[in-house]
Structure formats: C-alpha cells, structure tokens
1. Pull up the range 242-257, narrow it to residues that are of a type in the set (Gly, Ala, Ser) and assigned to a helix (DSSP H, G or I), then point me to the one that is farthest from ASN165 (Cα to Cα).
2. Restricting to the range 23-49, and then to whatever is in a loop (DSSP other than H, G, I, E, B) and free of Cβ contacts under 8 Å to residues at least 12 places away in the same chain, can you tell me which residue is surrounded by the most Cβ atoms within 10 Å (Cβ to Cβ)?
3. Conditions first: (1) β-branched (Val, Ile, Thr); (2) assigned to a helix (DSSP H, G or I); (3) surrounded by 21 or more Cβ atoms within 10 Å (Cβ to Cβ). VAL260 passes all but one, so which condition is the exception?
4. Please enumerate the residues belonging to the range 216-237 that are touching a Ser or Thr at 6+ places or on another chain (Cβ under 6 Å) and in contact (Cβ under 8 Å) with a residue 40 or more places away in the chain.
5. Kindly establish whether PRO125 is of a type outside the set (A, V, I, L, M), assigned by TED's automatic domain parsing to the domain that holds LYS8 and at pLDDT 95 or above.
6. Which one of the conditions (1) out of contact with any Phe, Trp or Tyr (no Cβ under 9 Å at 6 or more places or on another chain); (2) part of a loop (DSSP other than H, G, I, E, B) does SER61 fail to meet, given that it meets all the rest?
7. Do we find that SER147 is small (Gly, Ala, Ser), part of a loop (DSSP other than H, G, I, E, B) and either at pLDDT 90 or above or surrounded by 22 or more Cβ atoms within 10 Å (Cβ to Cβ) (or both) in this structure?
8. Condition first: more than 18 Å from the chain's Cα centre (by Cα) and in contact (Cβ under 8 Å) with a residue 24 or more places away in the chain. Now tell me which residues in the range 64-86 satisfy that.
Amino acid sequence: MKELTYFKAAVEAISRALGDNDKIVVLGKGMTAGGKDGLFNEIFLKYGRSRVLDGTADDKSNIRIALGLAATGALPLVVVDGENLYSCIEAIAVDACCAQTAFNGQYSSSIVIWSDYGYADGDTPAEIFLSEGFFASLPNLTVYCPSCPEDACSMMATALRFPYNGPTLVLTDRSMRETSAKVTEEDAAPVRPQAGSQVIKEGGDVTLVSYGAMMQASMEAAYRASQAGCECELIDLRCLNPIDTAPVIASVKKTGKLAVAQAGWPRGGVGDILISAVMSSDAFDYMEKPVKIVSPPNKVIPYGDFAEKTVLPGWEEVYLAIISLI
C-alpha cells in the first residue's frame, strides 16, 4: 500500500503495465527528461529509450504517430498536455476514432491517450477545458474520468491491460493533482474489466450523479443533505463513454428525482447525454420532478483565481439543487 497523489497513482499503473506487457510504449513531449512535471523520471530510468519515447512538440502529431505504432502491433500511451487538448480534437475525433473504418479493420487502432483537463488555480481561459461532454459523444472512443487516486490507478491499469479495439481517453482533473490516498495492490491491478458507474452512497430520496472532481463537492453536498433529512443515492459515473446508465436508471426508479453535478458546460455536456438516456428509458414514468443540472454557466470562464471560483460550482450549489427537489 502506497500513499500516492492523483497523478502519481496513474503513473504507478503505467509503470506496472510496462513491466507486464513489452508492447506498451509511452510517447509524449520531453518524456526522456521526465515528461510533464517530472512524472515519468522513474519510468524512463527503469525502462529506457526503447519504451519511453520523445514525441514532437505537437500533441496532435503525437496522437497520429501513436496510431502508426499501433498498426505495427504496439500499444502506445500518448501523454497530452491538457492546455493543448482543444488542438487535438481533430486527431482524436477523425484520425483515431475513424481509424478502424478507414482501414477496414486491417490494423489495430488501440491507443491510450492520457490528458489532464478541467481547471486549476491560475489557469488562463485558453487552458481551461470544460468540454469533456464533446468526447463523451464521440463514437468508438472510450473515456475514463477517475474521481480519486484509487480510480486513477485502476482505470489507467484497465485501459492498458484490457485495451479497447480503438482509442481510449483517460481524463484526470488538474484541480485534483495533489489529492492523495492510499493505493493498494488491488487498485494497481485491473480487477474491474470495465469501469462502470458505481453507487457510492445509497439513499431513497434523490439520485445524485457526478464524476471527476465534482464528486468531492457532491459527496459533501450529499452529507449536508443527510443532515437536513434528505438521503441521496450518490453515483459516480467513472466512465463517460460509454456511460453505464443501468445503475442510474435503477436509482431514479427508486427515488423519482435526479440531479447531475458536472464541471463541464451545460450545453451538450455529460448531463445532457445522461438525461437523454434516462428519459428514453422506463425510468421516465417514475420521475416526480424535472431534472436538475449543476454546472458552470455557458460562457467563457474569466481569468483570475477569484473570478473562476465565482462561476465554477461547489458543494453549496449541489446542495441547493438537492433541496429544491424535495
């Protein structure tokens, strides 16, 4: 058991996977110098230049290089800087997601892309990425979004040990960089082949669904609501594409009320995708009130730590949404 931060937990899974599968290679900017923030120093010293490769200065080009490596039988992990995730959309949505169709299934397109996303104190508007809902809507793309160090480790392990025949995107929220927890051997091993939705707390009054960094605010809000006599059933989506809707639908049929807390913008976000699935199911007949979505306003996040915190939701906004459903 190790005490690891959110990002280092993912690196722990990568290191173990490299030891177990000699087809895995790591590709990214400055990887032989430790990569972003030196996270890969130990991995480079352990596995060397044959397994840890310096890519170009252009992240989207590195994704395309990874697809070429995958066609030769390798399993590449591409490390992308979150501030460049916007510029990588074409490489992911067109080149990676369409590779199987474009090449008529003749070559593997199994690649894993690891990127940070979201916001952290001091980010500029250009660095803040709140459009994870875009990736959640892409066909042929698996999207993992861990909400704690344990899941960061297990989901990265799952992505590398049980690769989908296509691209997998692992999104880690940069605001949780220093969040730490004890990560066990079980977390480092992909004991869960698919990272489906998980019921974190059972309750019968309101179904509260979240993912990523917003899970922390949701857990606090659920606790505060229980103090006020409202028991939430809290569900962590964990995988944004495909979304495991079965636990959510079962919970809504029990509670009749649904709230979704997300850090992404409201239009076309994960909440929209989830609500569409719930309303298209037999859970619709059990709904007692309209669904509540807690999210930032649909506008550019202003620059500056204080300004960011005035528009990004916290536990208070989630709590108010829960209480409004009672």
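The values are calculated or read from the model by the stated rules, or taken from the named source; none is laboratory data. What you see is a predicted model; the values in this text were computed from it and never measured. Glycine gets a Cβ as well: all are built from the backbone with ideal geometry, and neighbour counts include every protein chain shown.
1. Checking each candidate, the answer is SER251.
2. So, considering only residues that are in a loop (DSSP other than H, G, I, E, B) and free of Cβ contacts under 8 Å to residues at least 12 places away in the same chain, the one surrounded by the most Cβ atoms within 10 Å (Cβ to Cβ) is GLY34.
3. Answer for VAL260: the failing condition is (2).
4. SER218, ASP236, LEU237
5. Answer is no for this residue.
6. For SER61, the failing item is (2).
7. Criteria met by SER147.
8. ARG64, ILE65, ALA66, LEU67, LEU69, ALA70, ALA71, GLY73, ALA74, LEU75, PRO76
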